[in-house]
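> One structure follows; several queries about it will come next.
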Amino acid sequence: MHIAPYDIGGMATSKTTPPSGKKHRIAVIGGDGIGPEVMQEALKVLRAAGAQLETTDFDLGGARYLRDGEVLSDATLAQLRNFDAILLGAVGTPGVPPGVIERGLLLKMRFELDLYINRRPFAGTAPGHIAPHDFIVIRENTEGPYVGEGGVLRKGTPQEVATQGSVNTAHGVERCVRYAFELAATRSRKHLTLVHKTNVLTFAGDLWQRTFDRVAKEFPQVATAYNHVDAACIYFVQDPHRYDVIVTDNLFGDILTDLGGAVSGGIGIASSANLNPAGTGPSMFEPVHGSAPDIVGTGKANPVAAILSAAHMLEFLGEGAMAERVRAACQAPASGSTSQMGDEISARVAN
Ligand code: IPM
Ligand code: MN
């Protein structure tokens, strides 16, 4: 596995920001399946990089739910608010009905902590290509169909009616679009693509397009483009080099970032940051992958996605140079089991 170096763009710190000397208070949710396995390696690498962390474990996820019914109580959420950041491995356990953990834990954190940016970088060489690509998807993370607007009537009858609306607010769209422009302005290519489906979703699409066009006027140095989401799927595979920064809504962003992972070295290395850039609460960092219960305990889980997500966290906590060293250590392939890969990457960052 090879990961191309990527242009992280401006986050909170630059690549050369020296260690802050601060101790960071981190809430750790290992979660289910391979979550705790990859988390252990991510923490190992951060410590090897010299990060000063005071970690507190939170036993949350599908297994906890099956044991005593807690998904994420308001009391636990209140505790999480006191940390500088949250690091999450993966959640999801067979036997838990769909939606319980997703809505009750992950989405509850995204909504309640106002983690309105889901930032997912993709750097790699797509199958059939020679040159590496390097782009970042900025996914709106608190609105769209994820809000859960809608309902069901006459359930279980031939007349059943199900609706599921997409919520798009001027405030929510603008803060996301603005973040994407600010990010694009810090990158070398300074290019931003809006991805939507304005030809069909004419109400939501129009709000996104008008907001994008209006904010664009404040960033004359950023070149812009628009792609419908179906066309973007083709470009991800056939011409990923056209992208620098992409901004899109919650559901399109969910789907596109799985595809982004698939063309950038696989889901095993896809990292993500759920950010509250306004700083009104802690941000949350997690790999894009799930809990992979089928390989738990085999040592086959790739810890790189979790390690790169942890690097994202370092960046956001103001440890720019440290984050850069962790990312650099992930660029060359690592081999062996989950923990051997963690050891190898740790050895590289320590040097
Ligand atoms: C992701 C995941 C989540 C999402 C699920 C688990 C709720 O697929 O982070 O991409 O849909 O956002
Ligand atoms: Mn997803």
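> Can you give the extra length, in nm with one decimal, that the chain gains between Glu218 and Thr76 once fully stretched, where that is 0.36 nm per residue apart less the Cα-Cα distance? Could the numbers behind the result be given before it?
Working: separation 142, 0.36 × 142 = 51.12 nm, distance 4.06 nm.
Extra length available between Glu218 and Thr76 comes to 47.1 nm.
> Treat the count of other C-beta atoms within 10 Å as a stand-in for reagent exposure and order His24, His133, His228 from fewest to most.
Values: His24 19, His133 22, His228 15.
Least crowded to most crowded, the residues run His228, His24, His133.
> Taking the Cβ of Val296 as the center, what net charge do the other residues with Cβ under 15 Å away carry, scoring Lys and Arg +1 and Asp and Glu -1? Walk me through the numbers on the way to the answer.
Numbers: positive: Lys300; negative: Asp32, Glu37, Glu41, Asp294.
Result for the local shell: -3.
> At a Förster distance of 51 Å, what's the computed FRET efficiency of Gln209 paired with Asp57, Cβ-Cβ distance as r, to 0.05? Can you show the working numbers first?
Working: r = 44 Å, r/R0 = 0.87.
Computed FRET efficiency for Gln209 and Asp57 comes out at 0.70.
> Given the Cα-Cα distance of Asp230 and Arg67 and 0.36 nm per residue of separation, how much length would full extension add, in nm? The partial results should precede the final answer.
Values: separation 163, 0.36 × 163 = 58.68 nm, distance 4.17 nm.
Value of the extension gain: 54.5 nm.
> Indicate the gyration tensor shape class of the stretch 192-234 (rounded, prolate or oblate), computed on the Cα atoms with a ≥ b ≥ c the square roots of the eigenvalues: a/c under 1.5 is rounded; otherwise a/b larger than b/c is prolate and the rest oblate.
Details: a/c = 4.40, a/b = 1.38, b/c = 3.18.
In terms of gyration-tensor shape, oblate.
> Which one, Ser337, Leu259, Ile130, is farthest towards the positive end of the dipole of the chain when Lys and Arg carry +1 and Asp and Glu -1 on their Cβ?
Ile130
> Apply the a/c threshold of 1.5 to the C-alpha gyration tensor of the stretch 30-102 and tell me whether it is rounded, prolate or oblate. The partial results should precede the final answer.
On the way: a/c = 3.04, a/b = 1.51, b/c = 2.01.
Here the stretch 30-102 falls in the oblate category.
> Continuing with the same structure: Taking only Cα atoms and a 10 Å spring cutoff, compute GNM fluctuations for the chain and point out the largest among Ala180, Ala75, Ala306.
Maximum among the listed residues: Ala75.
> Still on this structure, I have one more. Using a cut-off of 20 Å between alpha-carbon atoms, which aspartates and glutamates can reach Lys197, once sequence neighbours fewer than 8 places away in the same chain are excluded?
Glu140, Glu143, Glu149, Glu174, Asp206, Asp213, Asp230, Asp239, Asp244, Asp249, Asp254, Asp258
> Would you mind telling me which residue in Asn168, Asn82, Asn250 has the biggest mean-square fluctuation in a Gaussian network model of the chain, where springs connect alpha carbons within a distance under 10 angstrom?
It is Asn82.
> Tally Lys and Arg at +1 and Asp and Glu at -1 over the other residues with C-beta under 14 Å from the C-beta of Phe219: what net charge comes out? Spell out each step's value before the answer.
Numbers: positive: Arg178, Arg187, Arg189, Lys190, Arg214, Lys217; negative: Glu174, Glu182, Asp213, Glu218, Asp244.
Every neighbour counted, the sum reads +1.
> Anything over 27 Å Cα to Cα? Flag those among Lys44/Lys300; Lys15/Lys44; Lys22/Lys44; Lys23/Lys190, in the order listed.
On the way: Lys44/Lys300 17 Å; Lys15/Lys44 21 Å; Lys22/Lys44 18 Å; Lys23/Lys190 34 Å.
Listed pairs above 27 Å: Lys23/Lys190.
> Now for a separate question. At 0.36 nm per residue, and after removing the present C-alpha to C-alpha distance, how many nm does the segment from Ala332 to Ala131 gain when stretched out fully?
Values: separation 201, 0.36 × 201 = 72.36 nm, distance 1.67 nm.
That works out to 70.7 nm of additional length.
FYI, it's all coordinate maths here, none of it is from the lab. All figures in this text were calculated on a predicted structure; none of them were measured in a lab. For neighbour counting, all protein chains shown are included, and Cβ atoms are generated from backbone atoms with ideal geometry for every residue, glycine included.
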